1. Calculate, for region 272-416, the solvent-accessible area per residue in square angstrom, rolling a 1.4 angstrom probe over the heavy atoms of the protein chains.
2. What Kirkwood radius, in Å to one decimal, follows from the Cα pairs of region 1-150?
3. What ranking, highest mean first, results for peptides 153-165, 285-297, 233-245 when packing means the other Cβ atoms within 10 Å averaged over each residue?
4. Can you bin region 1-75 into rounded, prolate or oblate? Criterion: square roots of the alpha carbon gyration tensor eigenvalues sorted a ≥ b ≥ c, rounded for a/c under 1.5, prolate for a/b above b/c, oblate for the rest.
5. With a probe of 1.4 Å, find how much accessible area region 114-215 has per residue, and write the answer as a whole number in Å².
6. List the aspartates and glutamates whose Cα sits under 18 Å from the Cα of LYS206, skipping any in the same chain fewer than 8 residues away.
7. In the structure shown, do any of LYS362/LYS392; LYS63/LYS175; LYS175/LYS240; LYS63/LYS100 have a Cα-Cα gap over 23 Å, and if so which?
8. Just from its helices, what would the mean residue ellipticity at 222 nm be for the chain, if runs of 4 or more DSSP H residues each count -39500 (n - 2.57) and the sum is divided by every residue, rounded to the nearest 500 deg cm²/dmol?
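The values are calculated or read from the model by the stated rules, or taken from the named source; none is laboratory data. Owing to the predicted nature of the structure, the values given are computational and were not obtained by experimental measurement. Virtual Cβ from ideal backbone geometry, glycine too; neighbours counted across all protein chains shown. Accessible surface is based on the protein model in full, side chains and every heavy atom, while ligands, DNA and RNA are left aside. Shrake-Rupley method; radii C 1.70, N 1.55, O 1.52, S 1.80 Å.
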Amino acid sequence: MPELRNPPGTFDVLPSQSSEWQEVLTAFASTVSRAGYGLILTPTFEDVAVFSRIGDTTDVVRKEMYDFVDKGGRHVALRPEVTASVARAFIQHRPATPWKAWYAASNFRFERPQAGRFREFHQVGIEAFGSPDPDLDVEVIALGWEYFASLGIDSVDLLVNSLGDQACRPAYREKLVEHLSARREELCDEHRDRIEANPLRVLDCKREPCRAVSAAAPRQVDNLCADCEAHLHRVEAGLKALSVPFRIDPHLVRGLDYYTRTTFEYAGLSLDSSQNALGGGGRYDGLVAAMGGPDTPAVGFAIGVERTLLALQAGSGSGADAERLDAFVVDFAGGDAARDISARLRAGGFRVDRAFDSRSAKSQFKSADRSGARFALVVGPDEFAAGTVGVKDLSGGVQEPILLADLDSELRRRLDRRTP
Ligand code: AMP
């Protein structure tokens, strides 16, 4: 029988590798919940219309969606992004606004797998519905910035742009189509035929021929109506007031069609330039109405967890230490102590593991070393008879006896002394 393996573009995260995952998810929850965002969970699959409404011209919808007809005859799709699902939930449940939600979820896109690009990948993100206030854009952008800072990832370039709105984008779009059409032959194969369908995407193309044409293209920031210009200025002023460094990038367009006004991206400077987008977002005032809901402005972002982990590993920001075991119980006096001590310490908030199967002291010490625990708690027949526990620092040091009755406080004292 051929060996069963995970599908291409997916991966396993084993317990020995998952402490950083826990760290990035916990840090996110802590950052955004302090600003009033509440966790939302939505289904992994939805009616395909939930996603096709976000724009038929995007690659995500046109080419990359995992969609299929289920056994009940429904055309469904695994979610390629979370925003559309959150908007669907908003429209369905009609919560009072402003409504702030955060998520941590996996997405599915049939892309060519490569470093930092998977077919199932994970995002954390926030969405705020119900306010057109540019200060909400500032809050959202700053929260993403604060999140990276909380992880110790400081090599992040924040790019901001404005895509205008229904008042000024159509005229700009026409100008852009005119410019691109005049130089159609110079564009890359993919974009030569898609000028009319989605001219903004050409600006985002990383291929040399398109870049040369884009460099000379008219810029939306130079063609904003008065309201969009005022909005952008307020966002810039807010970010400056909060000391969030950014730069305006007139070529920044997001992959999805529903963005209006503010758009932004966090680029990881330590990542390979083709995969350096850690995350991004913007204002999507048109989405809820386009999906059949009431006219509702909204703003949010999505951050790629795998990319964030790459940035964390590339820099000095790894804090996996927080997940280390405090102690490993080595009991070669029958096993009662291992059972009772590990239960008692866990109840007291310590992180504790132990050996099973009545193994030899030597084999248990080997497991203790491999576990990465800070201390071994040793109970042999002598300690057991005397009501003591031997405490041994596993990074080196002698074993010292302490009274079983004092174990919790003694362990706490030693851990505090050793931290981190
Ligand atoms: P998007 O929803 O396309 O704007 O993507 C937001 C973020 O999700 C990107 O900046 C990446 O960090 C991450 N991302 C998007 N697609 C993938 C993928 N196929 N594999 C890994 N991360 C991805």
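1. Values: 6470 Å² over 145 residues.
Per-residue value: 45 Å².
2. On the way: mean 1/r = 0.0577 Å⁻¹.
Kirkwood radius, region 1-150: 17.3 Å.
3. Details: 153-165: 20.7, 285-297: 17.2, 233-245: 14.7.
Result, highest mean first: 153-165, 285-297, 233-245.
4. Verdict is oblate for region 1-75.
5. Numbers: 4330 Å² over 102 residues.
Counting only protein heavy atoms, the per-residue value for region 114-215 is 42 Å².
6. Result set, ordered by chain and number: ASP59, GLU111, ASP157, GLU185, GLU186, ASP189, GLU190, ASP193, ASP249, GLU265, ASP272.
7. Numbers: LYS362/LYS392 14 Å; LYS63/LYS175 28 Å; LYS175/LYS240 32 Å; LYS63/LYS100 31 Å.
LYS63/LYS175; LYS175/LYS240; LYS63/LYS100, as the Cα separations exceed 23 Å there.
8. Working: 16 runs with 155 residues, N = 420.
After summing the helix terms and dividing by residue count, I get -10500 deg cm²/dmol.
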